[in-house]
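Single-structure report; data block below.
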Number of protein chains: 2
Amino acid sequence: MSPTHTQVTTPPADLDPCGREDHPDCGIRDVLDRIGDKWSVLVIVELASGPRRFRELQRAIDGISQRMLTLTVRRLERDGLILRTVYPTVPAQVDYRLTDTGADLTHLVKALADWSLAHRTVIAKARHQYDRIHPDHDIR
Amino acid sequence: MSPTHTQVTTPPADLDPCGREDHPDCGIRDVLDRIGDKWSVLVIVELASGPRRFRELQRAIDGISQRMLTLTVRRLERDGLILRTVYPTVPAQVDYRLTDTGADLTHLVKALADWSLAHRTVIAKARHQYDRIHPDHDIR
DNA sequence: CGGCATCCGAAACGATACTG
DNA sequence: CAGTATCGTTTCGGATGCCG
């Protein structure tokens, strides 16, 4: 039996969720919210190395709860960034992989991760500096 | 009188907040959390066009409350990504601009914004598709 | 103008228990 | 294994009022 999945066949490209091409902040928000999510980025990075099963993801992404992993992959699937494939075995087996769109996004996400890695020392330093100058702040 | 600001002179680069160079997810988290914040990205994008005053930022970033703008710029300042300059005038005048580190990050953030703009139609389509197939979901 | 302090409802998240 | 459902807690974020 062939696996069940939810891939979109080939959407004809139209439909403007905003209607205003001249307004940059318009649809950006939604997409950025997804990227903005801490877990989404980590899932994407993990899947960049290849397909993963649910538990593999959970083990790889240290600290994520099962609930959050479920929500995260659902949202990414809904956005068409990852593909969820269910194999009708017992027990159930599901794997997740990036779609073409998701793989494309990976480059940017990786660039961000690399930048973070490259600058974390400088940023940590800046934070300590700030905390010394402003001994009592509520930030974070 | 010269303006008061909180710029860090030139921190000698050392200090590893994690201690494990081989663990990619380590310091990444903190930095990504900042980028992950919806408002941070919008502030950075806005400041990429040049220095802005508090009210200018608030007006430019449609929808942000004064509270969140304050918190956002404080955090970005703490991370050394933006520079806050207070001019001792009456009434007070404050401007914000990107530091070198922040300006560097701008390229990546803009790339993300561009990607979002370029793919928002496809993503919106994917979402509608998903919502048709899964009529009742709690996602988002 | 550029904030800060406080209150309060909403949303996010984690832990736990249960299911096909 | 791969979830769903529920609950309690924490955090977020907007509204409001006051201040230098």
Is one or more of the residues making up region A:108-116 assigned to a helix (DSSP H, G or I), touching a residue at least 40 places away in the same chain (Cβ under 8 Å) and among the hydroxyl-bearing types (Ser, Thr, Tyr)?
no
Selection status of B:Asp136, over 12 Å from the mean Cα position of the chain (by Cα), more than 12 Å from DNA strand C (Cβ to nearest atom) and either more than 9 Å from chain A (Cβ to nearest Cβ) or outside any helix (DSSP H, G or I) (or both)
yes
Considering each residue of region A:55-73, count those that are near DNA strand D (Cβ under 7 Å from one of its atoms) and within 13 Å of chain B (Cβ to nearest Cβ), and give that number.
3
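Going residue by residue through region B:98-121, is there one that turns out to be basic (Lys, Arg) and at pLDDT 95 or above? Working first, answer last.
Narrowing region B:98-121 to residues basic (Lys, Arg): B:110, B:120.
Narrowing further to those that are at pLDDT 95 or above: none.
Looking for residues that are basic (Lys, Arg) and at pLDDT 95 or above, one finds none in region B:98-121, hence no.
Determine if region A:45-61 includes at least one residue that is over 17 Å from A:Leu108 (Cβ atoms), open to solvent by 60 Å² or more (accessible area, probe 1.4 Å), aromatic (Phe, Trp, Tyr) and touching a strand residue (DSSP E or B) at 6+ places or on another chain (Cβ under 6 Å).
So in region A:45-61, the residues over 17 Å from A:Leu108 (Cβ atoms) come out as A:50-61.
Add one more test, that the residue is open to solvent by 60 Å² or more (accessible area, probe 1.4 Å), and what stays is A:51, A:53, A:55-56, A:59.
Subset that is aromatic (Phe, Trp, Tyr): none.
No, region A:45-61 has no match at all.
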Just to be sure, is A:Lys110 surrounded by fewer than 21 Cβ atoms within 10 Å (Cβ to Cβ) and more than 13 Å from DNA strand C (Cβ to nearest atom)?
yes
Only residues in region B:59-74 that are within 8 Å of DNA strand C (Cβ to nearest atom) count as the first member; pair them with residues that are open to solvent by 70 Å² or more (accessible area, probe 1.4 Å), Cβ under 8 angstrom, at least 6 apart or cross-chain, and list the lot.
none
Looking at region A:34-54, which of its residues are within 15 Å of DNA strand D (Cβ to nearest atom) and of a type in the set (Val, Ile, Thr)?
A:Ile35, A:Val43
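The values are calculated or read from the model by the stated rules, or taken from the named source; none is laboratory data. On a predicted model such as this, the values are computed, not experimentally measured, just so you know. Glycine also receives a Cβ, built like all others from the backbone with ideal geometry; neighbour counts cover every protein chain displayed. Note: accessible area is taken over every heavy atom of the protein model, side chains too, but ligands, DNA and RNA are not part of it. Shrake-Rupley method; radii C 1.70, N 1.55, O 1.52, S 1.80 Å.
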